[in-house]
Amino acid sequence: MGEKMRRKLIVRIVLFVFVTCLPGLSQTGDDSSTVLEQILSITSVGGAAISPDGSEVAYVVTPHDAKGNSLGSEIRIVSTQTGEERKLVNGSGPMWSPDGSKIAYFSSRSGRRQVWVIEAAGGSTEQWTDHPGYIDRFRWGPGSKRIAFLFRQAHAADLRFFTKAPHPLMPVVVDGNNLPMNQLAIIDLETKTPNTITPASYSVCGYEQWFPDTFSWSPDGERLVFTKRPHAKAGGHLHGDLVSVTHRGHAPRRLVEREGMDAHPVWSPDGNHVAFISTERYDWVTVSYLYLVHPSTLERRKITPDFDEKIKTFFWTSDSKRILFIAGDRTASQIYSVDIETAEVEALTNGDDFLSGLSVAADRDSIAFIRQNAADPPDVYFARLDEMKPKRLTEVNPQIKSWPEIRTEVVRWKSFDGMEIEGLVHWPHRYRQGRRYPLLVVPHGGPHSVMSNLFVNGEYRIFAMRGWAVYRPNFRGSGHYGEKFLRANLGSWGIGDYQDVMSGVDHLIKVGLADPDRLGISGSSYGGFMTSWTIGQTGRFKAAVVGAAVTDVPSFLRTTDVPERFESYLGKDIVVYQRSSPLTYADKIETPTLIWHGDADIRVPVMQGRHLYTALLKNEIPVEFVIYPGEPHGLRRPLNRRDLLLRKIRWLHGWVINGERPKPVVPATPE
């Protein structure tokens, strides 16, 4: 046996022994490693794109092995009439040509991510671009013979990381030679030669964590409209203005220029309007609205004045009379339609499902989207707008039908000041009336994020299967509850939101579900802040897991990549910063704490985790600090995600259930 193979075998044995020795991972009678493998090997689905005539939907599936490693993405085609499906090609990001004959997509088979084109009926595929930079996105031009695409330098491909200089040996001049910029180029079917139509002095679109962005062709193919930003990095969206240029990059015309975010412009099919989303002001903590601007007269008007939620990606109907979009609705999301003349918004769906990935047929009023809920994993659905009777087209993960269903409910209660708060609760597998169960509290990130009614998977499923109740509160400051609720924690991190979380814990104890003596808490990002804050305010939790957390607000605001975002929440008063810092209360912490962080995190730099670790170490509180190399704000690598999941199980089970420090985890060696 070779040395490399021997090391791999040792790693597998260590992982197997560790996982199978975790008591109660599965309570179905199966081998305890089976549940973990099932969860990690689920096939993801997304990228639904409906054909112009509504007859077919292209979508992307990505299977994974038992360790969570991607096995590659493939594009599949399914008929909206018969449900018959077929594999088209390996790749991602499918987009139909306007005439419906071809599909463009991304593939890295040539060594770099490039745009390829294949006949929709199948057959040989053709590489359209051979660009040395990173291609961010693309759009077909009218006539199906041109494609416009956004690119930036290859060293700035992933905007979640600190952008370095163009050459690895160059010094980095911050916001100088490392400032990422997107440029717009057009490639022709005949020549295959790209023509760059925007300069590198500004960015076309950019970072999209909080709001989406795009560019759009005019229906006659003569002009393109896009968002002009000072750069492509995080925060540039609030300085976005709308500009149009000819397809050769000439005659620039400013359509909208004002303070705040104006973004995601989309030309109407009749050419009379450009629709876009706007925050109307420079503000990080706000909803967004739909606007129209006339491409020639520049007359603009708001068409969703009373819609109290963020509007993100949207689509015109083929008659240019309505715009469709998906928006959050508490723990669910709905498809909405707005009449551009009357400004009336109509919900086309209702219920508790979470909908995403909307795609609208260009020639007919039919749509495709992804639907899921706590019991049903994501699948592709189809509906006609005149009847809105969604029809499931795919069953990507049929094996899930044999999994135990995790009972999930939306629970509501009154917080300390009478405000109604709600959250999702996953009940323990094989729950029995009259018994109390250990409770895992999982606060979300953001703080603008939200706990939604998604398929119960990952750590939620594992802990529920192990006999825990899992509680995911949507405290004040969460999204999908309107702007007033979104802004309800301004200047008061850790005050009202903490009370919301704890009043929910008390509610679950009162109704007889949670055991007050077996409480654990685990969160990351703002959820990590909430976790580290909570254990500094109360000793009720037997264990905590703190991930990528803000622990010292003053130093955080001096080192994060977007200080303005958090100043929108906390202002500029150092007294507020100190009051809002979990580190201020670190001497009160008695809870055994597992801390984890990525060392390439530019949103919440790793020193925030070290601050808390040092404080707990000094006070002789049981603590473990795990740093994942090369990881940004959130873990990307399957090996690290699996490692963290195992550590959470081990830490929380050891302290909450057994009342003692668990044995250390042996990290797996990368293969």
(request) Quick one: check the C-alpha center-to-center distance for the range 442-471 versus the range 136-175, whole angstrom. (result) 35
(request) Could you let me know the centre-to-centre spacing of the range 342-372 and the range 222-261, using Cα atoms, in angstrom? (result) 28
(message) If you count only protein heavy atoms and use a 1.4 Å probe, how large is the accessible surface of residue 339, to the nearest 10 Å²?
(response) 50
(request) For every helix of n ≥ 4 consecutive DSSP H residues, a contribution of -39,500 (n - 2.57) applies; sum these over the chain, divide by its total residues, and give [θ] at 222 nm rounded to the nearest 500 deg cm²/dmol. (result) -5000 deg cm²/dmol
(request) Would you mind counting up the charge near residue 135? Only other residues with Cβ under 10 Å from its Cβ, with Lys and Arg at +1 and Asp and Glu at -1. (result) +3
(request) Compute the convex hull volume of the Cα atoms of the range 364-504, divide it by the residue count, and report the result per residue in Å³ as a whole number. (result) 154
(message) Suppose a student asked you for the relative contact order of the range 102-169, using Cα pairs under 8 Å spaced at least 6 residues apart; what percent would you report?
(response) 19
(request) Could you work out the relative contact order of the range 533-628, using alpha carbon pairs under 8 angstrom and six or more residues apart, expressed as a whole percent? (result) 38
(request) Note down the accessible area of residue 309, probe 1.4 Å, to the nearest 10 Å². (result) 20
(request) Tally up the carbon and sulfur contribution to the accessible surface of the chain as a whole percent, 1.4 Å probe, everything protein left in place. (result) 50
(request) With no solvent and one equal point scatterer placed on each C-alpha of the range 241-379, evaluate the Debye formula and give log10 I(q)/I(0) for q = 0.09, 0.10, 0.14, 0.15 Å⁻¹, two decimals. (result) -0.30, -0.36, -0.69, -0.79
(request) Take the cross-link list 414/510; 310/572; 145/228; 233/648; 228/312; 542/572 and give me the ones stretching past 23 Å between alpha-carbons. (result) 310/572; 145/228; 233/648; 542/572
(request) Two decimals is fine: what is log10 I(q)/I(0) at q = 0.23 Å⁻¹ for the range 473-599, from a Debye sum with one equal scatterer on every Cα and no solvent? (result) -1.50
(message) Keeping all protein chains in place and using 1.4 angstrom, which order do 326, 311 fall into by accessible surface area, from largest down?
(response) 326, 311
(message) Sort 417, 262 by heavy-atom solvent-accessible area, probe 1.4 angstrom, most to least.
(response) 417, 262
(message) So for the chain, averaging the separation of alpha carbon pairs under 8 Å that are six or more residues apart and normalising by length, what relative contact order in percent results?
(response) 9
(request) Determine the dipole magnitude for the range 475-532: charges of +1 sit on the beta-carbon of Lys and Arg, -1 on that of Asp and Glu, nothing else is charged, the reference point is the Cα centre, and the result goes in debye to the nearest 20. (result) 160
(message) Given the whole protein assembly as supplied and a 1.4 Å probe, what does the accessible area of residue 524 come to in Å², nearest 10?
(response) 50
(message) Test of the criteria: in the range 109-161, which trypsin sites (Lys or Arg not before Pro) are in a DSSP loop and have at most 13 other Cβ atoms within 10 angstrom of their Cβ?
(response) 109
(request) Loop only per DSSP, at most 12 neighbouring Cβ atoms within 10 Å: give me the trypsin sites (Lys or Arg not before Pro) in the range 369-460, ordered by residue number. (result) 430, 432, 435
(message) Quick check: with the 1.4 Å probe, what order do 439, 645, 490 take by accessible area, largest first?
(response) 490, 645, 439
(request) Quote the FRET efficiency, to the nearest 0.05, computed for residue 53 versus residue 339 with a Förster distance R0 of 35 Å and r equal to the Cβ-Cβ distance. (result) 0.90
(request) Just flag the trypsin sites (Lys or Arg not before Pro) in the range 568-632 sitting in loop per DSSP whose Cβ has no more than 14 other Cβ atoms within 10 Å. (result) 572
(request) Could you name the lysines whose alpha carbon sits less than 19 Å from that of residue 391, not counting residues in the same chain fewer than 8 places away? (result) 401
(request) Please report, in debye to the nearest 20, how large the charge dipole of the range 204-328 is about its Cα centre when each Lys and Arg carries +1 at its beta carbon and each Asp and Glu carries -1 there. (result) 260
(request) Could you work out how far apart the two model spin labels at residue 427 and residue 196 are, taking each label as a point 7 Å from the Cα in the direction of the beta carbon, and quote it in nm? (result) 6.0
(message) So if I take the centroid of the Cα atoms in the range 40-80 and the same for the range 311-325, what is the distance between those two points in Å?
(response) 24
(message) Along the charge dipole of the range 567-671, pointing to its positive end and built from +1/-1 on Cβ of Lys, Arg, Asp and Glu, which listed residue (604, 662, 575) has its Cα farthest out?
(response) 662
(message) Suppose we keep just the alpha-carbon trace of the range 265-341; what are its Rg and Dmax in angstrom?
(response) 12.6, 41
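The values are calculated or read from the model by the stated rules, or taken from the named source; none is laboratory data. Note that the coordinates shown come from a computational prediction; the quantities given were computed from them, not determined experimentally. For neighbour counting, all protein chains shown are included, and Cβ atoms are generated from backbone atoms with ideal geometry for every residue, glycine included. Heavy atoms of the whole protein, side chains included, go into the accessibility calculation; ligands, DNA and RNA do not. Shrake-Rupley method; radii C 1.70, N 1.55, O 1.52, S 1.80 Å.
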